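The structure under discussion appears below in the form of structure tokens.
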Amino acid sequence: MPTVLETRIENRFRVQPNHANNNDTLHGGNLMKWLDEVSAMSAMRFAGETCVTARVNELDFERPIRIGDTALVEAYVYDAGRTSVHVALQAWREEPRTGETEKTTESSFTFVAIDEENRPVSVPELTVESDEGERLRRRARSRET
């Protein structure tokens, strides 16, 4: 059975002018795309199947990410149903020269595992194997209430 920490994925995206809105900050739609891509990788790592986005549960933009910054995106599976996979997400603004970070965004997405005919398929049970895995799971579940 996959563990919370085995599903954890981080990725970085350099924010270029073509990613920006008229305020010279990262366009929310670009960040949503990156969140979706990274969370899908996490869901598929967990399920061992193709996973498609079923729902954006919430998406809170807390601070902007400027042109020239790096968007650091973290995703991990924190819960699963019979065919669904729940992925927690956070994004940070990272200053590429210093590595200084500031949390900018928090979200969770729900995916459904599918087969070659696009039919839902069962996913494994999620295992919480460590204190860190339990901390991450609690953090994600606390946002649901």
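The values are calculated or read from the model by the stated rules, or taken from the named source; none is laboratory data. Computed from a prediction, not measured in an experiment: that's the story for all the values here. FYI the Cβ positions are ideal-geometry reconstructions off the backbone, even for glycines, and counts take in every protein chain you see. For accessibility, only protein heavy atoms count, side chains too; no ligands or nucleic acids. Shrake-Rupley method; radii C 1.70, N 1.55, O 1.52, S 1.80 Å.
Computed over the alpha carbons of the chain, Rg followed by Dmax gives 15.6, 47 Å. The label-point distance for Val52 and Arg119, in a model that sets each label 7 Å from Cα toward Cβ, rounds to 1.4 nm.
Taking the longest Cα principal axis of the chain as reference, the axis of helix 131-142 is set at about 80 degrees. What a 1.4 Å probe finds exposed on the chain is 45% carbon and sulfur by accessible area, rounded to a whole percent.
Axis angle, to the nearest 10 degrees, between helix 28-47 and the longest C-alpha principal axis of the chain: 30 degrees.
Using R0 = 22 Å, the C-beta based FRET efficiency linking Lys103 and Arg138 works out to 0.80.
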